[in-house]
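Visitor: First, the structure itself, so that you have it in front of you.
The values are calculated or read from the model by the stated rules, or taken from the named source; none is laboratory data. This is a predicted model, so every value here is computed, not measured. Glycine gets a Cβ as well: all are built from the backbone with ideal geometry, and neighbour counts include every protein chain shown.
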Amino acid sequence: MHKKLSILILVAVFLMAGVAAQTPGGDSKQLPAKVTRLNKAPISIETLRVKLPHPVEVRMPNGLTLLVLEQHRLPTLTCALWVKAGALSDPKEMPGLASFTADLLREGTVKRNSTQIAADLDELGATFAANAPFGDDVTYIQSSGLSSTADKLMDLMSDMVLNPGFPEEEIEKYRRREAAGLTQQRSSPGFLAQERFARAVYGDFPASIQTTTSDALKKASPAALKEFHDRVYAPNNAILAIGGDVTVAQATELVKKYFGQWKGHPATAKVATALPAPAPARIFLVDRPGSVQSNILAGALTLRRNDPDYIPLVVANRILGGGGAARLFMNLREEKGYTYGAYSRLNVHAFPGTLAANTEVRNAVTDGSLHELMYELKRLRDERVPQGEMEEASRSIVSSFALSLESPANLLNSWLTVKYYGLPNDYWDTYADRIAAVNAETVQRVARKFVDLEHLQIVVVGDAKQVREAVEKYGKVELFDTDGKAVVSKPETAPSGK
């Protein structure tokens with residue numbers, strides 16, 4: 001009885017404490033009505049500074065560059081192959097050829113069909129993926145599995161990379177899947193915005209192409225895919241990185257055994273089309289009738305991955321829209337309530353990339369969202385970033401980088417990036433220090449240089465009847481339909497008199 005009474009008294013005390021906490025006169029503080037920037041990230045740059053293990057580079061007799069990164073913590077193996085040719089090498093009449101080739105590597109070789117490949121991967125508990133993204137200049141191939149199955153894994157990977165069969169029946173299945181995907185793309189406001197933006201900033205340069213076509217799919221024959229594969233897949237045109245529970249000697253022997261027969265040859269140079277001069281600031285409206293939201297994308301050309309201003313621009317991007325604590329998110333979502341999210345992204349390559357801000361908002365707040373987006377772009381250019389915000393951005397970038405290294409694939413890709421772009425060997429050793437060294441003056445300098453308002457390309461995807469008036473407040477509008485075709489406004493005709 002006494003025990004039950006004690007429990008009841010204890011419950012009553014907790015309930016009274018809860019009521020007191022919710023009472024204005026209580027000791028506990030009220031929760032804030034909105035997110036408040038405290039600039040009190042608890043981890044310092046010094047704490048997050050990491051020392052990456054360096055890979056050993058081996059030059060194979062056939063010209064293949066091999067990077068081996070020993071890590072014996074787990075009994076696993078990860079292999080990443082970068083072929084230095086991708087969508088930018090597509091013929092003009094066949095956009096998507098690099099993507100077709102990569103996608104179909106695992107659909108059959110000269111000695112294994114797609115079912116056998118799937119069964120072998122399943123038996124090994126292994127993975128294999130290959131893709132050649134539009135707007136990029138590399139084909140990415142990756143495989144992973146247990147180190148105890150390294151021999152079988154390399155046999156299977158090399159067979160798919162070196163001996164693809166491109167069987168007609170698998171290509172026909174692929175055509176049907178991709179044709180359905182083309183229709184779905186046209187219903188995606190995010191894709192429509194990216195497509196129009198890429199064409200606006202890149203013009204005739206191959207990076208402007210963001211998708212394939214029905215005609216290109218029809219031309220995707222075994223002969224066309226094999227010709228492309230044989231032309232650009234060459235050991236002297238590739239970098240292979242192997243990381244995990246393997247020694248340099250073991251990895252080298254595996255590569256000799258399974259990639260040694262890969263014959264080198266002069267790989268066809270990438271498409272040499274020159275980048276166009278930056279276009280003057282323009283506004284594009286992609287009419288998507290019935291849409292209840294506007295997808296807004298605004299940005300311009302920036303720099304190459306190996307540009308010295310890349311690190312400062314990474315910091316500037318993080319401040320502008322590189323996360324949930326960045327300015328675009330805090331303004332458009334937390335303060336104005338216009339959207340679920342607003343971000344910016346820095347996308348760079350061996351050729352000049354882009355910095356672009358993006359959000360999706362209700363039709364009714366399209367005008368206000370454009371206003372705030374432009375305000376944040378101008379503020380980054382015109383005002384020095386407060387020191388607390390600078391420190392928070394630096395800590396955020398370095399902590400994200402440190403966490404990413406827990407993934408073996410990310411670690412390998414970090415060193416592939418160094419090799420492919422010709423970055424210094426100590427690039428990642430000094431990364432945290434160089435991020436921390438970026439100050440407010442440098443951020444403002446790169447913002448004025450690369451947040452280029454005179455050449456800003458703004459794309460809005462939405463119902464033109466609902467949002468055109470709002471969009472026109474920011475300049476002359478060029479109208480397009482969801483098929484990517486320009487819409488010419490017909491002049492209104494006066495009614496004829498009787």
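Visitor: Which residue pairs have Cβ atoms under 8 Å apart, sit 6 or more places apart or on different chains, and have a first residue in the range 424-445 that is of a type in the set (Gly, Ala, Ser) and a second that is assigned to a loop (DSSP other than H, G, I, E, B)?
Guide: Ala432/Arg49; Ala432/Val50; Ala440/Arg384; Ala440/Val385; Ala440/Pro386
Visitor: Among the candidates Ala129, Ala193, Ala119, which residue alone is among the aliphatic types (A, V, I, L, M), closer than 30 Å to Leu346 by Cα and surrounded by fewer than 16 Cβ atoms within 10 Å (Cβ to Cβ)?
Guide: Only one candidate passes the filter, namely Ala129.
Visitor: Additional query: From the list Val138, Val161, which residue is surrounded by 15 or more Cβ atoms within 10 Å (Cβ to Cβ) and over 20 Å from the mean Cα position of the chain (by Cα)?
Guide: Details: Val138 fails: over 20 Å from the mean Cα position of the chain (by Cα).
None of the others qualify; the one that does is Val161.
Visitor: Going through Leu303, Leu275, Leu285 one at a time, which residue ends up being at pLDDT below 95 and aliphatic (A, V, I, L, M)?
Guide: The unique qualifying residue is Leu275.
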